[in-house]
Structures are given as structure tokens and as C-alpha cells.
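Inspection log for the structure reproduced underneath, given as C-alpha cells.
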Amino acid sequence: MKLSKEKAEQLAGKLWYRNVGNTVVAVAQDAETKEVLMVAYMNREAFVKTLTTGLMHYWSLSRGKLWMKGETSGNIQEVVEAYIDCDGDAVLFLVKQHGYACHEGFKSCFHNRVKVKS
């Protein structure tokens with residue numbers, strides 16, 4: 001999925017960048033299995049870059065910079081579909097994951113199960 005810069009900028013203007021560092025929450029979900037792979041942040045630049053390249057880009061709060069998922073590991077995420085939530089402060093991307101989503105080598109960042117006693 002790739003959009004023109006004009007269309008991507010138009011959509012970016014509809015978002016409410018109310019989180020830390022003027023970001024929105026970005027959820028990456030496997031397009032086939034619907035498994036949630038990771039959650040990160042996007043600023044306007046990351047959102048536009050994602051929509052225009054078709055590859056997931058995020059804003060690193062700790063490093064204070066834009067990064068493309070897989071730029072060093074090769075574990076890229078190709079955008080299949082994108083959704084904006086009703087408040088405009090979160091976005092959901094259905095992606096085709098190449099390799100692992102988690103930097104610890106797991107398919108999903110959500111591999112730490114919380115065990116709750118009944």
C-alpha cells in the first residue's frame with residue numbers, strides 16, 4: 001500500500017498528536033493471522049513516510065529520531081492496510097511481517113504472558 005505525498009499529508013493532518021513527543025500510538029498487526037506484533041509511536045513524519053513508502057516507520061522516543069522497522073535487522077513490515085481510530089490519536093496497520101517483529105527475536109513483542117491465579 002502506497003499513497004501519494006499529498007494524500008498522506010492530508011490524512012496526517014487529521015491525526016491528533018497528543019501523546020509524548022507529539023505522537024500517536026501505532027499498532028502493527030499481522031495481516032493474515034491478526035496477531036498484534038508491536039506497539040510504538042509515530043509522529044507526523046513517520047506516518048507520512050509509512051504511507052508513501054509502504055514500509056513501517058516509527059518515531060523513537062528514546063533516540064529522538066525516525067526509524068524504519070527493519071533498517072538494521074532486515075525484519076521489515078510491509079503495509080497492507082491502514083486504519084485511523086475514532087479519536088484520531090491511534091493508528092492500526094495490517095502488515096506483512098518479514099522476520100521477527102520483536103527485537104528479542106520473537107514473532108511478536110507480546111510474548112510475555114501474564115499468569116493470573118483464579
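What follows draws every value from the coordinates through simple rules; no lab data is involved. This structure is a prediction, so every number in the text was calculated from the model and none was measured.
Take the Cα pairs of the chain, get the Kirkwood Rh, then feed it into Stokes-Einstein at 37 °C and 0.692 mPa s and tell me D in µm²/s.
Values: Rh = 14.5 Å.
Stokes-Einstein gives a translational diffusion coefficient of 226 µm²/s.
DSSP beta bridges in the chain, what fraction antiparallel, as a percent rounded to 5?
Numbers: 19 of 25 bridges.
Expressed as a percentage, antiparallel bridges in the chain total about 75.
Over the Cα atoms of the stretch 47-109, how large are the radius of gyration and the largest Cα-Cα distance (Dmax), in Å?
Both quantities, over Cα of the stretch 47-109: 12.0, 34 Å.
Lys pairs in the chain, Cα-Cα under 15 Å, at least 8 apart or on separate chains: how many?
Step by step, the pairs that qualify in the chain add up to 12.
Using just the helices of the chain, give the 222 nm mean residue ellipticity in deg cm²/dmol: DSSP H runs with n ≥ 4 each add -39,500 (n - 2.57), and the total is spread over all residues, rounded to 500.
Calculated from helices alone, the mean residue ellipticity at 222 nm is -4500 deg cm²/dmol.
For the chain, take the longest principal axis of its alpha carbons; what is the angle in degrees between that and the long axis of helix 44-53, to the nearest 10 within 0 to 90?
90
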